[in-house]
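I have a structure here, written as structure tokens, and I will follow up with some questions on it.
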Amino acid sequence: MNYPVWDVAFGAGLLIAIVAITHVFVSHFAIGGGLFLVLTEKKAYREDDASLLDWLKRHTKFFVLVTVVFGAISGVGIWFTIGLIHPSGTSALIHAYVWGWAIEWIFFFLEITAALLYLYGWNKLDRKTHLWLGWIYFIAAYLSMVVINGILAFMLTPGKWLETQNFWQGFFNPTYFPSLLLRTTFAFALAGVYALITGTLQKDLELKGKIVKWSVKWIIPAFIIIPIFAWWYIGNIPDVVWESARGKMPTATQYANSILIFSALTFLFSLLTLIKPKKVPFALSVLIFLLAFGTMGSFEFIREAIRKPYIIYDYMYANSIYKDQFPGDGGMSIQNIQQKGLLPVAKWAESKEITSENQMAAGMEIFRIQCQSCHTIDGYRGIRKVLVEKKWSQTAISRRISSLENMFNAVMPPFAGTDEERETLAAYLTTLAPVAPEDVEVTDIDISGEVVFEANCADCHEYAASDTMFVSMGKYDFSEVSYLITRLDSLSEEMPPFEGSDAEREALARWIPVQFK
Amino acid sequence: MGTEIIIPAIDPMPLPAPFWLFKVLLVLTFILHIVVMNFMFGGGLIAVWTRFFGQKNDKDQRLFKDIVPKIPSLLAATVTLGIAPLLFVQVLYGQFLYTSSIIMAWPWFLVLVLLVLAYYGFYIVSFNKDKKSRSIGWLMLISVFFIFLVGFFYSNNFTLMNTPSSWAAKYFHDPSGWNLNLSETTLIPRFLHFLVASIAIGSFLLIIIGLFRWKREQDYARFLIVRGGKWFMYATMVQFLVGIWFLISLPRELMLQFMGGNMLGTVSLLISILGGLASIFVMSNGIRNEDPRKPAIWAMGITGIVVVFMAIMRDILRTAYLSPYFKSSDLVVKTQLDVLILFLVLFVIGIAVWVLMIKKYFFTPSARAAD
């Protein structure tokens, strides 16, 4: 809207996901791993175990190479990437929390310095000073999470900030503490997961067994506690938002299921190592590593998915449009755009008005400006495969565009634009896939019930045995179905009223009973 | 289409502290970043040069061995110190920087990939015990080249950010982010200005290592200081030519800012020229001495002052470039005083802890041997 849209053919969202998930998997290790280093060092001194200490020195090198290099650069990488893909959202987070970021930077600076001195200090410093550096490292790393967690949680549950725009109210938002504890616990688990990687490579079997047992002690308790904090976390997310992950939004539900599977498997395979700790193969530690990665990745995906359609909940949509009008919004609110049109309001639109010559170019531009922060044509969340499958006519596409906000627990923002722009976008989308021949001519006399169903109901329902709501319609005849359609909104709270014409209602009512014959 | 000038609207959220405070922090943290970056990049360049074109004597070999282990930590410091100015520049000039970044999105994104690769390259070289192997030299060269590219992409973005009139044509021609700012006449001289400065200031890495070694092995330490001093002098001499090229490549009204148009800009340029000449003079006399330490320290001190004025000039130039599109008075300020105070308090504590860490690390007598 306010900024040009970076046209990433394979998917801007996918690029963010790749950078962000690999980063969090390392950054949480950077925190838990810090405490692991210090406590393992103390353990080695206490038990006077020179071989454990030797391994720990090598493990420190691995730790620094992973966290200080990849962890730090990918952290900056998220910032770069969201700035390129969600510039308005990034700008909002920077403006609201610049002092938070600046404080985080102080901790980050201490963290990096301490990590390097801890690594180089192994052969230089006395035990006490070395351990002291380790503690400074862990405390600084943890505090940096204490800060970032506030801003991350804010995006999903901004709470009272929406009314007051107060720093602290946004920072200590409803999911702040459960999210912090959830991340803390996971960070400790990851310390064990990563230690298994270097630990299982040891040739000395006594040492290997000891490292495996010690590492698993970091994983097992964490995975017992994680569900408790997860439950607390979910409890602080508004019910209507969480419903997305409970069946209303297919992808979020999928991630919610995969997090259960991944975490259960991480837990079980970690337990398995205790049977014969000395004989744990390297491959098993890699498997546990990948399962833990799946757990963390699923968590981040759920968080991102249920936040949809927003980038900052109830404030800014994922496509950078403000949910409400307010002074200084630059006209980028949904209300203003619906009134004045997307192309005249968007700063980076080449076609400012739609003519018969530029219709396709304008349609493509509307897609780029409004849809492409999440969708692509052929890549991630690609739109063509949906169109190929559904074979919708332009009318059907246009209908769906006008009711985007009803789709899958309101996962999409409403279309922002005029009727003409909607038709232009629909016309452009029609060119991406073949249209079913019977749907091409839609007249008042001969309306296809299937088309009406696709346009009005198919966002949430399927004409399949798995959809209980639809199956329940089987017992009604034409006139009863026709009547029910007029009062859909009284059937359940979540059903919107039917918005089609009378002719369309009748076509739909004729079509539904036929499906059960 | 493509000829219009599009400037994104200012973020509606107020600025959480006065403009001047962000400006001071921006310039200050930029100076810290650029100096450490110069040490890393310039030091790396000198190391690579010595490796490939140096003499086969012991001293040149040692020079390479002594510099390369310092590069990874210097890169860590460069990145870490770069975060702060990047944060503050986004607060003040986000509408310009986000746009130019998006226009050249892929090169800007590649910065991250190049940094990770260079970083690991530096670490491999640094951890390699036998630094004589041929592949180590090449790996160092490739890693330094990646940093060179990062710098080049930075120059592209920070010149593009200043010239909104070129945005629309570039973006609408290719919205997929495969743009650079090669048509900008100031790009090459500006980039060279930074490159040559990196060599000049990177030479201080040799001098500083020399200063620390002086008591233990004076002969080698003297070699380092003299070698560093020569790199510094030649680079600074070249800088006079590059600097003039950069200055005359600027649009006339911007160039005149430094020739009477802007008092601070003009004074800064004068101080920088005089400082540059003085540092060359002091260094060239100093390295002929048996003990070149004092003059070398003086030359570094003078250069430090020059860097501060250069950073001020850079800011004046940006302000002048953006003056048709941006007025600081357009920004609404609503200071978050409590958080600001917390930041300042933590900043002071942070510096104290940092100094304590460094002190304990470098100045605690090594007890490991007795451990």
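Taking the stretch A:472-517 as the search range and keeping residues that are part of a helix (DSSP H, G or I) and touching a Gly at 6+ places or on another chain (Cβ under 6 Å), which one is surrounded by the fewest Cβ atoms within 10 Å (Cβ to Cβ)? Even if it seems obvious, please write down each step before you answer.
Restricting attention to the stretch A:472-517, the residues satisfying the condition of being part of a helix (DSSP H, G or I) are A:472-475, A:478-486, A:488-490, A:502-514.
Still in the running and touching a Gly at 6+ places or on another chain (Cβ under 6 Å): A:507-508, A:510-511.
Working: A:Ala507: 24, A:Leu508: 24, A:Arg510: 15, A:Trp511: 19.
Result: A:Arg510.
Using the structure shown, decide if A:Ala292 is open to solvent by less than 10 Å² (accessible area, probe 1.4 Å), more than 14 Å from chain B (Cβ to nearest Cβ) and in contact (Cβ under 8 Å) with a residue 24 or more places away in the chain.
On the way: open to solvent by less than 10 Å² (accessible area, probe 1.4 Å): yes; more than 14 Å from chain B (Cβ to nearest Cβ): yes; in contact (Cβ under 8 Å) with a residue 24 or more places away in the chain: yes.
Yes.
Report yes if some residue within the stretch B:44-53 is under 30 Å from A:Phe167 (Cβ atoms) and modelled with pLDDT of 95 or more; otherwise report no.
If we filter the stretch B:44-53 for residues that are under 30 Å from A:Phe167 (Cβ atoms), which is where we start, we get none.
Within the stretch B:44-53, not a single residue is under 30 Å from A:Phe167 (Cβ atoms) and modelled with pLDDT of 95 or more.
Where residues in the stretch B:51-80 are within 14 Å of another protein chain (Cβ to nearest Cβ) and open to solvent by 20 Å² or more (accessible area, probe 1.4 Å), which of them is farthest from A:Trp79 (Cα to Cα)?
Start the filter on the stretch B:51-80 by keeping residues that are within 14 Å of another protein chain (Cβ to nearest Cβ), which leaves B:69-80.
Now restrict to residues that are open to solvent by 20 Å² or more (accessible area, probe 1.4 Å): B:69-70, B:73-74, B:77, B:79.
On the way: B:Pro69: 29, B:Lys70: 27, B:Ser73: 22, B:Leu74: 22, B:Ala77: 18, B:Val79: 13 Å.
Among them, the one singled out is B:Pro69.
With A:Gly33, A:Gly75, A:Gly71 as the choices, which residue is within 13 Å of another protein chain (Cβ to nearest Cβ), of a type in the set (Gly, Ala, Ser) and either open to solvent by less than 20 Å² (accessible area, probe 1.4 Å) or over 16 Å from A:His23 (Cβ atoms) (or both)?
Values: A:Gly33 fails: within 13 Å of another protein chain (Cβ to nearest Cβ); A:Gly75 fails: either open to solvent by less than 20 Å² (accessible area, probe 1.4 Å) or over 16 Å from A:His23 (Cβ atoms) (or both).
Result of the check over A:Gly33, A:Gly75, A:Gly71: A:Gly71.
Something else now. Within the stretch A:37-54, which residues are free of Cβ contacts under 8 Å to residues at least 40 places away in the same chain and surrounded by 14 or more Cβ atoms within 10 Å (Cβ to Cβ)?
Kept after step one, since they are free of Cβ contacts under 8 Å to residues at least 40 places away in the same chain, are these residues of the stretch A:37-54: A:39, A:44, A:46-48, A:50, A:53-54.
Of everything in the stretch A:37-54, those that are free of Cβ contacts under 8 Å to residues at least 40 places away in the same chain and surrounded by 14 or more Cβ atoms within 10 Å (Cβ to Cβ) turn out to be A:Leu39, A:Ala44, A:Leu53, A:Asp54.
Report the residue count in the stretch B:128-141 for those that are free of Cβ contacts under 8 Å to residues at least 24 places away in the same chain and open to solvent by 20 Å² or more (accessible area, probe 1.4 Å). If you could, list the steps in order and put the result at the bottom.
Taking the stretch B:128-141 as the starting set, the residues that turn out to be free of Cβ contacts under 8 Å to residues at least 24 places away in the same chain are B:128-130, B:133-136, B:138-139.
From what is left, the residues that are open to solvent by 20 Å² or more (accessible area, probe 1.4 Å) are B:128-130, B:133-135, B:138-139.
Number of matching residues: 8.
Of all residues in the stretch A:323-351, count the ones that are within 30 Å of B:Asp174 (Cβ to Cβ), free of Cβ contacts under 8 Å to residues at least 24 places away in the same chain, more than 27 Å from the chain's Cα centre (by Cα) and within 11 Å of chain B (Cβ to nearest Cβ).
4
If you don't mind, there's one more thing I want to ask. Can you confirm whether the stretch B:301-320 contains a residue that is polar (S, T, N, Q), open to solvent by less than 80 Å² (accessible area, probe 1.4 Å) and more than 30 Å from B:Leu160 (Cβ to Cβ)?
First, pick out the residues of the stretch B:301-320 that are polar (S, T, N, Q): B:303, B:319.
Filter once more, so that each one left must be open to solvent by less than 80 Å² (accessible area, probe 1.4 Å): B:303, B:319.
Then keep just the ones that are more than 30 Å from B:Leu160 (Cβ to Cβ); that gives none.
No.
Only one of (1) in a helix (DSSP H, G or I); (2) within 21 Å of A:Ser91 (Cβ to Cβ); (3) charged (D, E, K, R) is not met by A:Lys385, so which one is it?
All conditions pass for A:Lys385, except number (2).
Six or more apart or on different chains, Cβ atoms under 6 Å: show the pairs whose first residue is in the stretch A:472-496 and within 18 Å of A:Ala410 (Cβ to Cβ) and whose second is open to solvent by 40 Å² or more (accessible area, probe 1.4 Å) and part of a helix (DSSP H, G or I).
A:Met495/A:Asp489; A:Pro496/A:Asn406
Something else about it: Name the one entry in B:Phe343, B:Phe281 that is within 14 Å of chain A (Cβ to nearest Cβ) and without any contact (Cβ under 8 Å) to a residue 12 or more places away in the chain.
Only one candidate qualifies: B:Phe343.
Identify all residues within the stretch B:25-43 that are aliphatic (A, V, I, L, M) and either more than 13 Å from chain A (Cβ to nearest Cβ) or touching a residue at least 60 places away in the same chain (Cβ under 8 Å) (or both); write none if there are none.
Step one: list which residues in the stretch B:25-43 are aliphatic (A, V, I, L, M), which gives B:25-28, B:31-32, B:34-37, B:40.
Once the filter is applied, which keeps residues that are aliphatic (A, V, I, L, M) and either more than 13 Å from chain A (Cβ to nearest Cβ) or touching a residue at least 60 places away in the same chain (Cβ under 8 Å) (or both), the stretch B:25-43 yields B:Leu25, B:Leu26, B:Val27, B:Ile31, B:Ile34, B:Val35, B:Met37, B:Met40.
Still on this structure: Could you grab me the full set of residues in the stretch B:159-187 that are touching a residue at least 40 places away in the same chain (Cβ under 8 Å) and part of a helix (DSSP H, G or I)? Steps first, answer last, please.
Within the stretch B:159-187, the subset touching a residue at least 40 places away in the same chain (Cβ under 8 Å) is B:160-165, B:167-173, B:176-181, B:185-186.
The answer is B:Leu160, B:Pro164, B:Ser165, B:Trp167, B:Ala168, B:Ala169, B:Lys170, B:Tyr171, B:Phe172, B:His173.
Could you identify the single residue in B:Phe88, B:Phe122 that is among the aromatic types (Phe, Trp, Tyr), over 30 Å from A:Lys347 (Cα atoms) and within 10 Å of chain A (Cβ to nearest Cβ)?
Numbers: B:Phe88 fails: over 30 Å from A:Lys347 (Cα atoms).
Result: B:Phe122 is the single residue among B:Phe88, B:Phe122 that is among the aromatic types (Phe, Trp, Tyr), over 30 Å from A:Lys347 (Cα atoms) and within 10 Å of chain A (Cβ to nearest Cβ).
Now a separate question. Of all residues in the stretch A:166-177, count the ones that are surrounded by fewer than 19 Cβ atoms within 10 Å (Cβ to Cβ), within 14 Å of chain B (Cβ to nearest Cβ) and under 24 Å from A:Glu304 (Cβ atoms).
So the count comes out to 2.
Go through the stretch A:220-251 and count every residue that is in contact with a helix residue (DSSP H, G or I) (Cβ under 7 Å, 6 or more places away or on another chain) and free of Cβ contacts under 8 Å to residues at least 60 places away in the same chain.
Total satisfying the criteria: 13.
Something else: Give the residue that is least open to solvent (accessible area, probe 1.4 Å), with candidates limited to residues of the stretch B:1-20 that are within 17 Å of B:Thr319 (Cβ to Cβ) and in contact (Cβ under 8 Å) with a residue 24 or more places away in the chain.
First, the residues of the stretch B:1-20 that are within 17 Å of B:Thr319 (Cβ to Cβ): B:7, B:10, B:15, B:18-20.
Checking which are in contact (Cβ under 8 Å) with a residue 24 or more places away in the chain leaves us with B:7, B:10, B:15, B:18-19.
On the way: B:Ile7: 37, B:Ile10: 56, B:Leu15: 3, B:Pro18: 37, B:Phe19: 45 Å².
Going through the qualifying residues, I end up with B:Leu15.
Let me ask another. I need the full set of residues from the stretch B:142-181 which are open to solvent by 30 Å² or more (accessible area, probe 1.4 Å), more than 14 Å from chain A (Cβ to nearest Cβ) and under 27 Å from A:Ala361 (Cβ atoms), in order please.
B:Ser165, B:Leu180
Between a residue in the stretch B:299-319 that is over 23 Å from B:Thr186 (Cβ atoms) and any residue that is open to solvent by less than 50 Å² (accessible area, probe 1.4 Å) and of a type in the set (Phe, Trp, Tyr), which pairs come within a Cβ distance under 6 Å, given they are 6 or more apart or on different chains?
B:Met300/B:Phe204
On to the next question. For residues that are of a type in the set (A, V, I, L, M) and crowded, with 20+ Cβ neighbours inside 10 Å, scanning just the stretch B:93-110, find the one that is farthest from A:Ile73 (Cα to Cα). Please lay out each step first, then the result.
Pass one, the stretch B:93-110, residues of a type in the set (A, V, I, L, M): B:97, B:102-105, B:110.
Next cut, crowded, with 20+ Cβ neighbours inside 10 Å only: B:97, B:102-105.
On the way: B:Leu97: 20, B:Ile102: 19, B:Ile103: 22, B:Met104: 19, B:Ala105: 17 Å.
Out of the qualifying residues, it is B:Ile103.
Taking the condition of being under 30 Å from A:Lys385 (Cβ atoms), open to solvent by less than 40 Å² (accessible area, probe 1.4 Å) and among the hydrophobic types (A, V, I, L, M, F, W, C), how many residues in the stretch A:1-30 meet it? Lay out the reasoning, then the answer.
Kept after step one, since they are under 30 Å from A:Lys385 (Cβ atoms), are these residues of the stretch A:1-30: A:1, A:3-25.
Going one step further and asking which of them are open to solvent by less than 40 Å² (accessible area, probe 1.4 Å), we end up with A:1, A:3-6, A:8, A:11-13, A:15-17, A:19-21, A:23-25.
Keeping just the survivors that are among the hydrophobic types (A, V, I, L, M, F, W, C) gives A:1, A:5-6, A:8, A:12, A:15-17, A:19-21, A:24-25.
Residues flagged as under 30 Å from A:Lys385 (Cβ atoms), open to solvent by less than 40 Å² (accessible area, probe 1.4 Å) and among the hydrophobic types (A, V, I, L, M, F, W, C) within the stretch A:1-30 amount to 13.
When the residues of the stretch A:390-447 are narrowed to those that are more than 29 Å from A:Lys340 (Cβ to Cβ), aliphatic (A, V, I, L, M) and open to solvent by less than 30 Å² (accessible area, probe 1.4 Å), which ends up modelled with the highest pLDDT?
Among those that are more than 29 Å from A:Lys340 (Cβ to Cβ), aliphatic (A, V, I, L, M) and open to solvent by less than 30 Å² (accessible area, probe 1.4 Å), it is A:Ala433.
Starting from residues that are more than 35 Å from the chain's Cα centre (by Cα) and more than 8 Å from chain B (Cβ to nearest Cβ), keep the ones in the stretch A:129-157 and report whichever is least open to solvent (accessible area, probe 1.4 Å). Give the steps one after another, and end with the answer.
Let us first name the residues in the stretch A:129-157 that are more than 35 Å from the chain's Cα centre (by Cα), namely A:129-133.
Narrowing further to those that are more than 8 Å from chain B (Cβ to nearest Cβ): A:130-131.
Numbers: A:His130: 0, A:Leu131: 27 Å².
Only one residue tops the list, namely A:His130.
Could I ask something else about it? Being assigned to a helix (DSSP H, G or I), more than 23 Å from B:Ile351 (Cβ to Cβ) and within 7 Å of another protein chain (Cβ to nearest Cβ) is the filter here, so list the residues in the stretch A:91-128 that pass it.
Scanning the stretch A:91-128 gives A:Ser91, A:Ala92, A:Ile94, A:His95, A:Ala96, A:Arg127.
I'm trying to understand the selection: among the residues of the stretch A:254-274, which are in a helix (DSSP H, G or I), crowded, with 19+ Cβ neighbours inside 10 Å and not aromatic (Phe, Trp, Tyr)?
Hits for the stretch A:254-274 are A:Ala256, A:Ile259, A:Ser263, A:Thr266, A:Ser270.
Tally the residues that are open to solvent by less than 10 Å² (accessible area, probe 1.4 Å) and of a type in the set (A, V, I, L, M, F, W, C), restricting the search to the stretch A:208-240.
Kept after step one, since they are open to solvent by less than 10 Å² (accessible area, probe 1.4 Å), are these residues of the stretch A:208-240: A:209, A:211-212, A:215-216, A:219, A:222, A:237.
Going one step further and asking which of them are of a type in the set (A, V, I, L, M, F, W, C), we end up with A:211-212, A:216, A:219, A:222, A:237.
Counting residues in the stretch A:208-240 that are open to solvent by less than 10 Å² (accessible area, probe 1.4 Å) and of a type in the set (A, V, I, L, M, F, W, C) gives 6.
The values are calculated or read from the model by the stated rules, or taken from the named source; none is laboratory data. Fair warning: this is a prediction, and the values are worked out from it, not measured in the lab. Using ideal geometry, Cβ is built from the backbone for each residue, glycine included, and neighbour counts are taken over all protein chains shown. SASA here: full protein model, heavy atoms, side chains in, ligands and nucleic acids out. Shrake-Rupley method; radii C 1.70, N 1.55, O 1.52, S 1.80 Å.
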